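Notes for the one structure printed next.
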Amino acid sequence: MLFLYNIIITLADFLLKIIALFNPKMKLFVAGRKTVFETLSQKIKSSNKTIWFHAASLGEYEQGLPVIEKIKEKFPSHKIVLTFFSPSGYEVRKNNTVADATVYLPMDTKRNAQKFLKLVHPEMAFFIKYEYWPNYLNQLKKENTPTYLISGIFRDNQMFFKWYGQFYRNALNSFSYFFVQNEASKKLLVQLGKTNVAVSGDTRFDRVATILEKDNTLDFISEFKNDKLTIVIGSSWPKDEDLLIEYINSTSQNVKFIIAPHNIKAEQIQQLKSRITKKTVLFSEKENKNLAEFDVFIIDTIGILTKIYSYADIAYVGGGFGNPGVHNILEPATFGVPIVIGPNFSHFAEAMALVNLEGCISITKPNELKTIFNTLISDKTIRTEKGTICKDFVSKNKGATMAILENI
């Protein structure tokens, strides 16, 4: 099976290089991997002690960041190597300050795994949430490198738990320990005979809890808000925006809107702006504008949404009308903001929990959006109650990072 897997990976590598000629994101994926070994040889010396963290994309990086920071404190003489699989993670966080070397993870061939691990020679390896690359895991096991899964989550529909999943089940044998988010994940691993499992929780709660300790001030947002009730729409997709624009254009409520779309390509931003009938300004054109005069502020940049949530009275988090579903709801939750989302959230335990607790409200159509927005706008008591539920939820679920560190 490993032989067949290696053939598939080799073919995929070839096909991706062809696709990259026509797809900008795939071009980053392919081009970014060309210099990985050169970068590592420059930044990591054979005498260095190292620890390797792997994140699939941006969400996993944010999830693992509390552990990376604490490991860095605990092992100050070690160099941290951080790898990403996806351009949406690497391109946003390639200049982070927590890692000594940040690179794409080379494709999972046996040769790449051997070369990568020879250059990095980690004393420990951490995989965040998921991504199980057999060649890398097999090589880590051969070299007796302690390997950990942190904030892991397992579901019974994954290949590990199917009759044909022995190949991937074998890959799990490389892990020294599994730190999983919930009892259901532990139970599934126990069914596979794994006893090296602990329910530590989700490190994202630790990550978002620390946001409150930082300076979240943005003067231009304060100027735009102008002490008015503000709805922040984060990580919106076109299907979210169809409902939201209908509400924005028709509402008579004295409220302001900040929209931070998931995709900030110029043509899509201009299309979004053109559909809004109220006075709208873009982040990229805010200079020398009296922002207090505008009703809608479109954020056509990245990296500031978390701070923007601190100004929200109500948050709408996008992605819930697509697959796999809603984006990160914990960032607005930590600020004590009531949250509205679309219907697709069943793959996200925190969203399921907050919907059940009624701090987060799921909607499916325009009239439901209108009803909940109008209720939250007009009734401060309900708004405060739901916001408090969200804030308490984050606070009560902290501690995963320390649980992991205590067991390493």
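The values are calculated or read from the model by the stated rules, or taken from the named source; none is laboratory data. Quantities reported herein were computed from a predicted structural model and do not represent experimental measurements. Cβ placement follows ideal geometry from the backbone for every residue including glycine, while neighbour counts extend to all protein chains displayed. These area figures cover heavy atoms from the full protein model, side chains too; ligands, DNA and RNA do not enter into them. Shrake-Rupley method; radii C 1.70, N 1.55, O 1.52, S 1.80 Å.
Using the alpha-carbon positions of region 63-173, Rg (one decimal) and Dmax (whole number) come out as 14.6, 45 Å. Using the Cβ-Cβ distance between residue 118 and residue 374 with R0 set to 60 Å, the FRET efficiency from 1/(1 + (r/R0)^6) comes to roughly 0.45.
If you plug the beta carbon distance of residue 191 and residue 395 into 1/(1 + (r/R0)^6) with R0 = 41 Å, you get a FRET efficiency near 0.80.
With contacts taken as Cα pairs under 8 Å and at least 6 residues apart, region 41-175 reaches a relative contact order of 26 percent. The order of the peptides 192-200, 97-105 by mean Cβ neighbours within 10 Å, most packed first, is 97-105, 192-200. With a cut-off of 13 Å between beta carbons, the residues surrounding residue 191 carry a summed charge of +4, where Lys and Arg count +1 and Asp and Glu -1.
The loop-placed GluC sites (Glu not before Pro) in region 277-331, going by DSSP, that have at most 13 neighbouring Cβ atoms within 10 Å of their Cβ come out as 287.
In this rough spin-label picture, where each label sits 7 Å from Cα along the Cβ direction, the residue 141-residue 158 distance is 1.6 nm. With all protein chains kept in place, the per residue accessible area of the chain amounts to 47 square angstrom at a probe of 1.4 angstrom.
If each DSSP helix of 4+ residues adds -39,500 (n - 2.57) and the sum is divided by the residues in the chain, what number results at 222 nm, nearest 500 deg cm²/dmol?
-13500 deg cm²/dmol
Extension gain for residue 31-residue 16 works out to 4.3 nm (0.36 nm per residue, less the C-alpha to C-alpha distance).
Answer rounded, prolate or oblate for region 126-190, using the Cα gyration tensor with square roots of eigenvalues a ≥ b ≥ c: rounded when a/c is under 1.5, else prolate when a/b is larger than b/c, else oblate. It comes out oblate by the Cα gyration axes. Where in region 289-319 is the amide nitrogen less than 15 Å from a point lying 7 Å along the Cα-to-Cβ axis of residue 219? Under 15 Å, as judged by backbone N against the label point of residue 219, lie 289-292 of region 289-319.
Once the piece of chain linking residue 46 and residue 228 is laid out straight, how much longer is it, given 0.36 nm per residue of separation minus the C-alpha distance between them?
In short, 59.8 nm is gained.
Shape class of region 27-114 from the alpha-carbon gyration tensor: oblate, with a/c at 1.5 or above and b/c at least as large as a/b.
Before anything else, pin down the relative contact order of the chain: Cα pairs under 8 Å, at least 6 apart, normalised by residue count, whole percent.
This gives 13 percent for the chain.
With a Förster radius of 56 Å applied to the C-beta separation of residue 69 and residue 367, the computed FRET efficiency comes to 0.80.
What chymotrypsin sites (Phe, Trp or Tyr not before Pro) does region 178-234 have in DSSP loop regions with at most 11 other beta carbons within 10 Å?
none
Assuming a ≥ b ≥ c are the square roots of the Cα gyration tensor eigenvalues, decide whether region 18-71 counts as rounded (a/c under 1.5), prolate (otherwise, with a/b larger than b/c) or oblate. Cα axes put region 18-71 in the oblate bin. Seen from a random direction on average, the alpha-carbon convex hull of region 303-408 projects onto 7.7 square nanometres. The distance between label points at residue 77 and residue 110 comes to 3.7 nm (points 7 Å beyond Cα on the Cα→Cβ vector). Residue 273 contributes about 50 Å² of solvent-accessible surface, heavy atoms of the protein only, 1.4 Å probe. Kindly provide the pair-distance distribution of the chain built from C-alpha pairs, with 20 Å bins from 0 and whole-percent values in order of increasing distance. Going from the shortest bin to the longest, the percentages are 25, 54, 21, 0. The accessible surface of the chain, taken with every protein chain in place and a 1.4 Å probe, is 52 percent carbon and sulfur.
Loop-located chymotrypsin sites (Phe, Trp or Tyr not before Pro) in region 9-50 (DSSP state not H, G, I, E or B) with no more than 15 neighbouring Cβ atoms inside 10 Å: 22.
Treating only the Cβ atoms of Lys and Arg (+1) and Asp and Glu (-1) as charged, compute the dipole magnitude of the chain about its Cα centre; round to the nearest 20 debye. Using Cβ point charges on Lys, Arg, Asp and Glu, the chain gives about 1320 debye.
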